[in-house]
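The structure appears right after this line, and notes come after that.
The values are calculated or read from the model by the stated rules, or taken from the named source; none is laboratory data. Just so we're clear, the structure is a prediction, and the values are computed from it rather than from any experiment. Note that each Cβ is placed from the backbone with ideal geometry, even for glycine, and that neighbours are counted across all protein chains shown.
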């Protein structure tokens with residue numbers, strides 16, 4: 001009888017050890033599975049949106065002037081030509097996650113450059129209407145409400161700003177040539193003839209809108 005009790009206790013002990021070993025072997029696997037799932041969720045949350053390489057590919061496909069590509073690559077900058085270096089890759093967008101970029105509809109409006117005068121603007125390409133917009137990321141106006149312009153059209157106000165910053169006509173014409181702009185000479189002539197040195201904000205706004213129409217630079221009217 002004593003032998004049977006001893007055998008029973010030994011078998012019970014062995015069974016208990018087997019059960020503990022089997023259960024403990026599943027714990028690291030479960031932890032690994034949960035950890036892997038967490039990493040997937042984190043990666044999805046921080047998934048990259050549009051990248052610098054993808055933006056560059058779009059720039060090249062647009063057949064813009066070589067100078068524009070060099071600006072993006074950082075092998076050229078405006079300071080070499082006597083201007084503030086206000087055309088930079090849109091790092092404020094590139095550094096965002098895909099979820100954060102979704103606010104700016106980067107699938108349609110491809111951010112090409114960050115430009116800055118008094119405040120930050122993004123120069124973007126509308127791949128649906130095949131034109132360009134400039135928008136302030138802090139503005140609540142939906143991107144679909146912005147006017148869409150040609151490459152030349154989006155530089156009209158920029159040329160006026162260079163003029164207002166006392167850049168010479170020669171310097172402005174030179175930088176416009178590098179950007180591949182076709183109407184810079186007639187735009188400067190219009191500034192001298194129609195604006196001069198004294199004009200109101202309303203005069204300025206009306207001149208910009210009229211000049212865009214004169215060079216056929218508007219693809220879609222803005223909607224306030």
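Summed over the range 164-190, residues that are modelled with pLDDT under 95 and outside any loop (DSSP other than H, G, I, E, B) total 1.
If you go through the range 64-75 and keep only what is free of Cβ contacts under 8 Å to residues at least 60 places away in the same chain and touching a helix residue (DSSP H, G or I) at 6+ places or on another chain (Cβ under 8 Å), you end up with 69, 71, 72, 73. Each residue in the range 158-189 was checked for being closer than 23 Å to residue 219 by Cβ and touching a residue at least 60 places away in the same chain (Cβ under 8 Å), and 2 pass.
Taken over the range 126-145, residues that are in a loop (DSSP other than H, G, I, E, B), within 16 Å of the chain's Cα centre (by Cα) and touching a residue at least 12 places away in the same chain (Cβ under 8 Å) amount to 4.
Among the residues of the range 110-125, those that are outside any strand (DSSP E or B) and either farther than 18 Å from residue 165 by Cα or in contact (Cβ under 8 Å) with a residue 12 or more places away in the chain (or both) comprise 117, 119. Of the helices (runs of 4 or more DSSP H) lying entirely inside the range 53-109, those containing at least 2 residues that are loosely packed, with under 13 Cβ neighbours inside 10 Å are 66-73.
Hey, can you tell me all the residues within the range 166-191 that are under 18 Å from residue 87 (Cβ atoms) and under 27 Å from the mean Cα position of the chain (by Cα)?
Within the range 166-191, 172, 175, 176, 177, 178, 179, 180, 181, 184 qualify.
Note on the range 148-157: residues that are crowded, with 21+ Cβ neighbours inside 10 Å and free of Cβ contacts under 8 Å to residues at least 60 places away in the same chain amount to 1. Of all the residues in the range 196-213, those that are under 30 Å from residue 76 (Cβ atoms) and surrounded by fewer than 18 Cβ atoms within 10 Å (Cβ to Cβ) number 2. Residue-level analysis places residue 209 outside the set of residues that are over 28 Å from residue 57 (Cα atoms), over 23 Å from the mean Cα position of the chain (by Cα), in the same structural domain as residue 69 (by TED's automatic domain parsing) and not in a helix (DSSP H, G or I). Answer yes if at least one residue in the range 113-120 is surrounded by 14 or more Cβ atoms within 10 Å (Cβ to Cβ) and either at positive phi or at pLDDT 95 or above (or both), and no otherwise. Within the range 113-120, one or more residues are surrounded by 14 or more Cβ atoms within 10 Å (Cβ to Cβ) and either at positive phi or at pLDDT 95 or above (or both).
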